[in-house]
Amino acid sequence: VNTIIVELTKELAAIVGRPNLIVDREALMPFETDYTRRWHGEALLAVAPSSTDDVARVLSVCQAAGVGVVVQGGNTGLVGGAVPADEVVLLTRRLDVLEPIDSLASQVTVGAGVTLEAAQRHVRADGLDLPVDLAARSAATIGGMTATNAGGALAVRYGTMAAAVAGMEVVLGDGKIVSRLSGLLKDTAGYDLARLLVGSEGTLGVITRVRLRLIRHPTQRLVAVAGFGSLVDAARAALTLRDRLGPSLEAADYVDAAGVRLVRDRRRLPPPLAVESGHLLVIQVAGEDVESLLPVVSETLDAAGVTAVSVADDTSGRERLWTYREAVNESIGAQGLVHKFDASIPLGAIPEFAAETHEAVALVDPAATVVIYGHLADGNLHVNVLSPDLDHYRVEQALGQLVAQHNGSISAEHGIGIAKRDLLTLVRSDDDIAAMRAVKAALDPEGLLGRHRVLREE
Ligand code: S2G
Ligand code: ZN
């Protein structure tokens, strides 16, 4: 292997320049584990190409050397998708172009390595915004969010990244470049190859540029934090608000009591509401005249049995209220080892699923703490299990079975990565998985892109 690495290092240095190659063991370490510190692996080396053409050359050289390639953007993924296993790590951080906004089409093309925050800054200067937002915005990249079809809090209003992507440029496993960046609303000239790569998690191609649809937020936004005595009540409020407010509802996220407690401890925050509530709903309402929407909001919350509400319509007030939701992931992570299970559950089954989740985890690990939070109006719950002696496998099996029993999905927005490959058969038929394998074989015949991810190698 050493001779291959020495040869590869020379060839890659010739493409990207030696300073954009990392071979030193120490320097490689930050790229060899993930945000949750659950996944670890060895990088043969890391390479940071600066253009689509360079990515194509890098992939061709790696393919010729028979070496696997894993793509890494901000490394904020939660299923081990970007952690190498004796592979070359292809860093997207130098794919950082911010093209001028196409204001006629209300679209913009950016490099895959551009962080969500940088893309937001770029378009907000023109009063526009991205239709997807999530807490990891300072590190999560547009390429990684596209590759995982990221969701986030605004999905209930604007959809996931799949709805935000108007086109993309990708390099396939063998170095071929496919570019579809025109952003035309209607373009049925052949299969929609770009659409196929959204959610492919770096296993079908390397996304190098993404064309995004932009939105113009309504002029007024209001955030309300509402407390409820049960998840049934909180879910009823979220779904009724979605039906009665329609496009005026931009978000309806949920945090349970355990989640609020962890955030308050970590961020040293006062209680969000005058009345201690076990179930928190964080709602974002937007419109040209938000005042006119308040009667519907308060009527709906009352009918659902709200115990207390706190509202804010100025930027700092809104951000303060969102903190009770946005800081949950970080506050859980600070507790140590956690098992994260991101699932979609049919809306009607959410309260039952949550109750059964507590029972199922208690059976597997009585010492565990369960935190449930997420994008309630989407039916997307993030089940997080903290325990001093965490048994990932047993927790995962219990939760996977529960999700399947409720006809949910074992992955709502985080993807499969390494973590959930063996859960696929719970929710996908053999023929379905065989079709996925056929696509993988067609686009990455050597099977070197994102090996071991999504589909176990046969
Ligand atoms: C969120 C982050 C990860 C998790 O905060 O919406 O997607 O499952 C999650 O805790
Ligand atoms: Zn989420």
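Sorting check: for 323-331, 190-198, which peptide has the highest mean count of neighbouring beta carbons within 10 Å, and how do the rest follow?
The most tightly packed comes first, giving 323-331, 190-198.
At 0.36 nm per residue, minus the direct Cα-Cα distance, what do ASP86 and ALA441 gain on full extension? Give it in nm, one decimal, please.
125.7 nm
Given N residues in the stretch 1-120, what is Rg(Cα) / (2.2 N^0.38 Å)?
1.14
With a 1.4 Å probe and all protein chains left in place, how much accessible area per residue does the chain have, in Å²?
Per residue, the chain has 42 Å² of solvent-accessible surface.
What does the highest-first list of 281-287, 303-309 look like by mean Cβ count within 10 Å?
Result, highest mean Cβ count within 10 Å first: 281-287, 303-309.
Ignoring ligands, DNA and RNA, please state the percent of accessible area on the chain from carbon and sulfur, probe 1.4 Å.
Using a 1.4 Å probe with all protein chains present, the chain comes out at 53 percent carbon and sulfur.
Using a 7 Å offset from the Cα along the Cα-to-Cβ direction at both GLN397 and SER298, what is the distance between the two label points in nm, to one decimal?
Placing both labels 7 Å along Cα→Cβ, they lie 5.3 nm apart.
Take the alpha carbon gyration tensor of the stretch 133-188, find the square roots of its eigenvalues, order them as a ≥ b ≥ c, and report rounded if a/c is under 1.5; if not, report prolate when a/b exceeds b/c, else oblate.
Oblate, because a/c is 1.5 or more while a/b does not exceed b/c.
Output ³J(HN,Hα) for the stretch 415-431: one whole-Hz value per residue in order, computed from phi by the Karplus curve 6.51 cos²θ - 1.76 cosθ + 1.60 with θ = phi - 60°, and x for Gly and Pro.
With the stated coefficients, the stretch 415-431 comes to x, 9, x, 8, 4, 10, 4, 7, 8, 3, 5, 6, 10, 10, 6, 4, 5 Hz.
Of the listed peptides 48-57, 164-173, 201-210, what is their order by residue-averaged count of other C-beta atoms within 10 Å, with the highest listed first?
Output ranking for 48-57, 164-173, 201-210: 201-210, 164-173, 48-57.
Put one equal scatterer on each alpha carbon of the stretch 333-451, apply the Debye formula with no solvent term, and list log10 I(q)/I(0) at q = 0.16 1/Å to two decimals.
Results for the stretch 333-451 at q = 0.16 Å⁻¹ read -0.78.
What is the set of long-range amide H partners of ALA308 at a cut-off below 5 Å, with H atoms built 1.01 Å from backbone N?
Close amide H contacts, sequence-distant or interchain: GLY227.
Provide the per-residue ³J(HN,Hα) series for the stretch 89-98, in order, calculated from phi with Karplus coefficients 6.51, -1.76, 1.60 and θ = phi - 60°, each as a whole number of Hz, with x at glycine and proline positions.
Each residue's phi maps through the Karplus curve to give 9, 9, 7, 9, 4, 8, 8, 10, 5, 10 Hz.
Given 0.36 nm per residue, what is the gain on full extension from HIS358 to ASP174 after removing their alpha carbon distance, in nm?
In short, 61.6 nm is gained.
Once both labels are modelled 7 Å past Cα along the beta-carbon direction, what's the ASP313-LEU98 spacing in nm?
3.1 nm
Once the Cα atoms of helix 392-405 and of the chain are each reduced to a long axis, what angle between those two axes, in degrees from 0 to 90 to the nearest 10, is obtained?
Tilt relative to the chain: about 70 degrees.
Mind counting lysine pairs for me in the chain? Cα separation below 25 Å, and the two need to be 8 or more apart along the chain or on different chains.
The number of close lysine pairs in the chain is 5.
In whole Hz, what ³J(HN,Hα) sequence does the stretch 276-282 give by Karplus (6.51, -1.76, 1.60; θ = phi - 60°), x for Gly and Pro?
Per-residue couplings from phi come out as 4, 10, x, 9, 10, 10, 10 Hz.
May I ask for the distance between the Cα centers of the stretch 59-108 and the stretch 249-267, given as a whole number of Å?
Centre-to-centre distance over Cα atoms comes out at 32 Å.
Jot down the per residue volume, in cubic angstrom and as a whole number, of the convex hull over the alpha-carbon atoms of the chain.
Roughly 149 Å³ of hull volume per residue.
Considering only DSSP states other than H, G, I, E and B, which GluC sites (Glu not before Pro) in the stretch 25-118 qualify as loop sites with at most 15 other Cβ atoms within 10 Å?
In loop regions of the stretch 25-118 (DSSP not H, G, I, E or B), the sparsely surrounded GluC sites (Glu not before Pro) are GLU42.
How big is the gap, in Å, between the Cα center of the stretch 435-458 and the Cα center of the stretch 327-374?
Taking the Cα centre of the stretch 327-374 as reference, the centre of the stretch 435-458 is 31 Å away.
When averaged across all projection directions, what area in nm² does the alpha-carbon convex hull of the stretch 242-314 cover?
5.4 nm²
Quick check on the stretch 79-123: what are the equivalent-ellipsoid semi-axes from the Cα gyration tensor, as sqrt(5λ), descending, whole Å?
Taking √(5λ) for each eigenvalue gives 29, 10, 9 Å, largest first.
From Cα coordinates alone, what are the radius of gyration and Dmax values for the stretch 47-96 in angstrom?
Every Cα atom of the stretch 47-96 included, Rg and Dmax give 11.0, 31 Å.
The values are calculated or read from the model by the stated rules, or taken from the named source; none is laboratory data. For clarity, every value in this text was computed on a predicted model and none was experimentally measured. Here the Cβ is made from the backbone with ideal geometry for all residues, glycine too, and neighbour counts use every protein chain on show. Surface accessibility is based on the protein's heavy atoms, side chains included, excluding ligands, DNA and RNA. Shrake-Rupley method; radii C 1.70, N 1.55, O 1.52, S 1.80 Å.
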